[in-house]
Amino acid sequence: MFVSDFRKEFYELVHNQRVLLFVASDVDALCACKILQALFQCDHVQYTLVPVSGWQELETAFLEHKEQFSYFILINCGANVDLLEILQPDEDSVFFVCDTHRPVNVVNVYNDTQIKLLIKQEDDLEVPAYDDIFRDEAEDEDLSGSDSDGSEPSEKRTRLEEEILARTTKRRQRREWEARRRDILFDYEQYEYYGTSSAMVMFDLAWMMSKDLNDMLWWAIVGLTDQWVHDKITQMKYVTDIGILQRHVSRHNHRNEAEENTLSVDCTRISFEYDLRLALYQHWSLHESLYNTSYTAARFKLWSVHGQKRLQEFLADMGLPLKQVKQKFQSMDVSLKENLREMIEESANKFGMKDMRVQTFSIHFGFKHKFLASDVVFATMSLMENPEKDSSGTDHFIQALDSLSRSNLDKLYLGLELAKKHLQATQQTIASCLCTNLVTSQGPFLYCSLMEGTPDVTLFSKPASLSLLSRHLLKSFVHSTKNRRCKMLPLVMAAPLSIEQGTVTVVGIPPETDSSDRKNFFGRAFEKAAESTSSRTLHNHFDLSVIELKVEDRSKFLDALVSLLS
């Protein structure tokens, strides 16, 4: 059921208990987890934190710990499936689910005792009515009646005929109700999409309890920016949520002129920025950032010689010397840096890039360290999806979680260096896919498969990195193709996962259109295609549109997908 008062029905319940925290492996979940940890530390709440990257890990961890806890908190996992069916918990276990995945499973919505959903009601949830989906068992029990032997009086026969008629009517009504229920559920569960960031929901809780700090506000900002970077929400939703956070920022960070001189050296300031949508440009050179940001790379078509010439023309139009553009941003002439945003925006408009600047926030730690929210998202994600073989997923999770604290800036800088490598690898892979025509039209969707032995292929076996690559590849493909129909198609992308087991990771991305509502139909389509061909697939990821598939079953699975979507 939906929790209406988070403070009374959630926080005050777990306040004096030991709780178990299951946190999914994405940046928004990490930020929500940081806010909750800070609240728990304020109130000395005992908790155990378990990172989970998929359903299997969640089940295993739950079985391991279920004896010791009765309260479980799930962040960014668990809302879009029937939790009780998957985990089979005891009667007294209570699950608090704070998840951005939509649609929310109807069993979770109407379970009043064990499932408490920490989900904002303002989100357009459109949950079907209870009576449309659930029927009372007692109603369905058929009226019992025995067949007649033909010797009874006429009134008895009439009563029996009436009983048979009533029973037939009941059965017909039952069949009609079931057909209607199937249609309603299909419409409701057909598309996968995302709601309000979990970090923002947790920050809201902190704010309601008057325990919100600047650090928590920053984590909420990073959680929202993570959704924007990964195209999980529409531009409209992003701008609305930015507006909500902006009010909190001005509340926390306002200073009188007189106080200006009394700032401590290591204080934290958050400010609203109308900044360039260039990845990591303040920690890189402007040239590298223009090259490795998907927005500029797609619009200049930087994988072609003509595109590189256009980039040179763009820099010439701004009047920026190559020597300045190619050195670290920090070392550029101060006179150039002052008007850089305006110069870039003006030239970008001439080159057809109308939205070169975007609303975002930046944070200053003292006078030396400044980060944009998107910088932190890229750094944290790179630490979490680090393809190093010698450390486990939990180590990467802990490192990524630590990098969000201001006391661990060295880890954040390490993440930024990794993020640069990831962005370069992404753009190089996109260039090779487009130059070798790896993106092919299958009819109802585009398909691209990374070969074994491709550089950086280990990085793209990770779900978030593969999803980001697929989104960027689709953007670039839409800008490079002349075929109008292909511009409207979604993309299915596969990357090798394990050579020993012969598996690939497959991800589905919705079409790249301006009016796109970011709803993804591949989750259900993948399930149906796997079912109809009995392909060996593993739907282990919390995003339903990411699956693992046996290489031998790939062709029949794709054929089924084509016929299903045609």
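Worth a mention:
- Packing, taken as the mean count of other beta carbons within 10 Å per residue, orders the peptides 54-60, 35-41 from highest to lowest as 35-41, 54-60.
- In this simple spin-label approximation, Lys326 and Gln46 carry label points 7 Å from Cα along the Cα→Cβ vector, and these lie 6.2 nm apart.
- Accessible surface of the chain [probe 1.4 Å, protein heavy atoms]: carbon and sulfur percent: 49 percent
- Relative contact order of the chain, taken over Cα pairs closer than 8 Å and 6 or more residues apart, is 13 percent.
- Counting 0.36 nm for each residue step from Arg171 to Lys354 and taking away their Cα separation leaves a gain of 59.8 nm.
- Dipole size of the chain about its Cα centre, with +1 on Lys/Arg Cβ and -1 on Asp/Glu Cβ: approximately 2900 debye, rounded to the nearest 20.
- Calculated P(r) over Cα pairs in 20 Å bins from 0, in percent (choose from [x] 17, 39, 25, 13, 5, 1; [y] 19, 50, 28, 4, 0; [z] 19, 50, 24, 6, 2, 0), label: [z]
- Under-5 Å amide H pairs with Ala279, H placed in peptide plane, nonlocal only: Thr293
- Helix axis angle, 409-435 relative to the chain longest principal axis, alpha carbon, degrees: 80 degrees
- Of the peptides 97-106, 366-375, 326-335, the ranking by mean beta-carbon count within 10 Å, highest at the top, reads 97-106, 366-375, 326-335.
- Pairwise centroid distance, computed over Cα atoms, of the range 368-438 with the range 445-490, Å: 19 Å
- DSSP beta bridge pairing in the chain, given as percent antiparallel to the nearest 5: 55 percent
- Span from the the range 297-353 Cα centroid across to the the range 30-49 one, whole angstrom: 43 Å
- The phi torsions of the range 72-78, fed into the Karplus equation with coefficients 6.51, -1.76 and 1.60 and a -60° offset, translate into couplings of 10, 10, 10, 10, 6, 8, x Hz, rounded to whole numbers, with Gly and Pro shown as x.
- Residues of the chain: accessible area per residue with a 1.4 Å probe, Å²: 47 Å²
- The angle separating the long axis of helix 522-533 from the principal Cα axis of greatest extent in the chain is about 50 degrees.
- Extending 7 Å from the Cα toward the beta-carbon at both Leu84 and His306 defines two label points whose distance is 6.1 nm.
- The protection proxy used here, the mean number of other Cβ atoms lying within 10 Å of each residue, ranks peptides 26-34, 159-167 as follows, highest first: 26-34, 159-167.
- Principal-axis tilt of helix 235-253 within the chain, Cα atoms, nearest 10 degrees: 60 degrees
- Of all DSSP beta bridges in the range 425-510, antiparallel share, percent nearest 5: 70 percent
- Long pairs among Lys8/Lys66; Lys237/Lys370; Lys328/Lys411; Lys66/Lys556, criterion Cα-Cα beyond 29 Å: Lys66/Lys556
- For the range 222-257 and the range 190-204, distance of Cα centres in Å: 14 Å
The values are calculated or read from the model by the stated rules, or taken from the named source; none is laboratory data. Given the structure is predicted, the values throughout are model-derived calculations rather than measurements. Here Cβ is always computed from backbone atoms with ideal geometry, including for glycine, and neighbour counts include all displayed protein chains. All accessible areas refer to the heavy atoms of the entire protein, side chains included, with ligands and DNA or RNA removed. Shrake-Rupley method; radii C 1.70, N 1.55, O 1.52, S 1.80 Å.
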